[in-house]
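The values are calculated or read from the model by the stated rules, or taken from the named source; none is laboratory data. Predicted model only: the values in this text are computed from it and were never measured. Glycine also receives a Cβ, built like all others from the backbone with ideal geometry; neighbour counts cover every protein chain displayed.
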Amino acid sequence: MPAPVPRQRDTLVTTQVGQAALPAAPSLTLLVIEDDPAGDLTVPEILHADGHRIRLRTARNLTEAARLLTPDVQCVLLDLSLPHPGGAADDPLATLREVLRIAPRHAVLVLTAEADAERAAEAVRVGAQDFLFRDELDGRLLSRAIRYAVERKRADVAQYKLAESKLRAQENARLERGLLPNPLLDGSDLRFAARYRPGRSRALLGGDFYDTVRTPDGTVHAMIGDVCGHGPDEAALGVELRIAWRALTLAGLCGDDLLATLQQVLEVERPCDEIFATLCTVDISPDGRHAGLCLAGHPAPLIVRAGGSARLLPYESSGPALGLLPKARWPRRQVELGGSWSLMLYTDGLIEGRVGEGRERLGQDGMVEMINRHLDAGLSGEGLLEASVTEARRLNGGELTDDVAVVLLSRAEG
C-alpha cells in the first residue's frame, strides 16, 4: 500500500536478531522535491536490488532541497509542477535547471502528468536522467527508474571525467611538445639526431634538456643538461635553463661566462637550494675540425672518428654542477675533432640503468662497448640512438627510471 512521503527525515530499515535491532546494509537515499498542499502525492514503498527499502527524504522547496542534499543522497525526484522561487514564467524548466545546478553529481528524475509528456522529454534533454508520469507511479517502476538513473549518472560522470582527462593529456602533450627544442642549424653541414625519454610516467618532458644552435659566425653550439630530480618542477626548470642557454648563446656568451650566468638563473628559479644541474656544452668551429668543451659535473661526450671506434673524450678538469658552489669556474678545453666524426652527448640516465638482476650498472665503459657493437652493425644517426636507448632498457630489465637524453652531431668530410 502506498506510503506518504516523509517530511525531512530518513526512514531507516532495521533487522531483528533476537531482541537486538541492527542497522540494515547501506541503501540508496532518494530526495523528493515537491510542494503538494493537498497531500495527494504519495511515493510507494521502494525496494533496492538487495531487497532493502530505499530511504526517502523530502523537501518542499529548493532551499530545503539544498540543505538536504547530503553525500548519502544518490537520486533526486523532482515534481515539475513545483513553482520556481524566482518566477521565470518564460522557462517551464527553470526549477529543473536550478536542481541540476545545486546537484551536479546526483541522478535526477522528474515527475509530471502524462498530458505533459513533451515537457518531460525536454527535461531529459536538459539534463535529467529520466521522467515518470504521476498516474503511473508505483514501487516497482520507481525502484527500477532510480537504479537506472543512478547508474546512468555514474556512467555520464565517468565518461565526462574520461573526456576531461583526455583533453588535459592532449593539452599537456601539446605544451610539452612545444617546449622541446627545435635545433637551429640552417647553413651548417652537420647532421643532427636526438632521442629523449622522460622518466616520469605518461610525461613527455623531464628534467633533462638539450639544444643546438648555429650563431652568425658559423659556430655550432650544442648543450645537454640534467636537473636533479624527476618531477614537474625539475622539468620546468630544465626548460628555463635551455631557453636561457639559447638566448645567452645567441647573445655571444660562451664557456665560463655562459655557465656562470646560467648558474645565476638556476639560483633564482630553483624551488629550493638543494636543486642543482649538470651541463655539457660544446662549441664547434665553423670549419668543423675542432671544438671547445666545458663540463659542469656532467659525463664527458663520446666521439667516433673516421675509421676508428667510439671512445670517451678525456677531460680531467671539469667544473662543479651548476648551483653547488658560488663563484665557481668552468675551464674550457680545446678538442681536435678531425675531418669526419660523430660526437654524442648524453645524460646519466643512459648509463645508470642496471645490467641484469644484480646491482651492476651499465656505466660509461658499458655504454662505449654498446655503441661500438651498434657501429659494427652499420647503425648511425637516429638508428644508432634508438638502438642504444632500447638496449639500455632491455639490459635494465624494463623501463629506465631516470630521464634519458642523447644528442648526436656528425660531420662527413668531402
Taking region 396-414 only, how many residues are of a type in the set (A, V, I, L, M, F, W, C) and touching a helix residue (DSSP H, G or I) at 6+ places or on another chain (Cβ under 8 Å)? 5
Determine if region 339-350 includes at least one residue that is at positive phi and either assigned by TED's automatic domain parsing to the domain that holds residue 263 or touching a Gly at 6+ places or on another chain (Cβ under 6 Å) (or both). no
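Could you please let me know if residue 375 is at pLDDT 95 or above and under 22 Å from residue 206 (Cβ atoms)? Walk me through it before giving the result.
Values: at pLDDT 95 or above: yes; under 22 Å from residue 206 (Cβ atoms): no.
Judged against the criteria, residue 375 is not a match.
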Filter result for the condition that a residue is buried (at least 20 other Cβ atoms within 10 Å of the Cβ), closer than 18 Å to residue 347 by Cβ and touching a strand residue (DSSP E or B) at 6+ places or on another chain (Cβ under 9 Å), over 239, 220, 227: 227
From 322, 362, 379, 312, grab the single residue that is surrounded by 14 or more Cβ atoms within 10 Å (Cβ to Cβ), assigned by TED's automatic domain parsing to the domain that holds residue 287 and free of Cβ contacts under 8 Å to residues at least 12 places away in the same chain. 379
Hey, any hits in region 137-156 for a residue that's in a strand (DSSP E or B), under 25 Å from residue 94 (Cβ atoms) and either of a type in the set (D, E, K, R) or in contact with a strand residue (DSSP E or B) (Cβ under 9 Å, 6 or more places away or on another chain) (or both)? no
Have a look at 156, 130 and point out the one that is in contact with a Phe, Trp or Tyr (Cβ under 8 Å, 6 or more places away or on another chain), at pLDDT 80 or above and surrounded by 10 or more Cβ atoms within 10 Å (Cβ to Cβ). 130
Residue check for residue 64: of a type in the set (Asp, Glu) and either touching a Cys at 6+ places or on another chain (Cβ under 8 Å) or at pLDDT 85 or above (or both): yes
With respect to the numbered conditions (1) part of a helix (DSSP H, G or I); (2) over 15 Å from residue 31 (Cβ atoms), which one is the sole condition not fulfilled by residue 65? (2)
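In region 296-309, how many are more than 12 Å from residue 346 (Cα to Cα) and surrounded by 19 or more Cβ atoms within 10 Å (Cβ to Cβ)?
Qualifying residue count, region 296-309: 3.
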What is the residue count in region 295-335 for residues that are under 26 Å from residue 372 (Cβ atoms), part of a strand (DSSP E or B) and touching a helix residue (DSSP H, G or I) at 6+ places or on another chain (Cβ under 9 Å)? 4
With respect to residue 270, determine if the residue is among the basic types (Lys, Arg) and in contact (Cβ under 8 Å) with a residue 60 or more places away in the chain. no
Restricting attention to region 277-286, does a residue exist that is touching a strand residue (DSSP E or B) at 6+ places or on another chain (Cβ under 7 Å), surrounded by fewer than 15 Cβ atoms within 10 Å (Cβ to Cβ) and not in a loop (DSSP other than H, G, I, E, B)? no
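If you check 277, 291, which single one turns out to be more than 22 Å from residue 411 (Cβ to Cβ), modelled with pLDDT of 95 or more and either in the same structural domain as residue 190 (by TED's automatic domain parsing) or not hydroxyl-bearing (Ser, Thr, Tyr) (or both)? Working first, answer last.
Working: 291 fails: more than 22 Å from residue 411 (Cβ to Cβ).
When all the criteria are applied, what remains is 277.
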Conditions: (1) exposed (fewer than 13 other Cβ atoms within 10 Å of the Cβ); (2) not in a loop (DSSP other than H, G, I, E, B). Residue 357 meets all but one. Number of the miss? (2)
Given the criteria assigned to a loop (DSSP other than H, G, I, E, B) and within 25 Å of residue 187 (Cα to Cα), does residue 271 qualify? no
Can you confirm whether residue 371 is in a strand (DSSP E or B) and aliphatic (A, V, I, L, M)? no
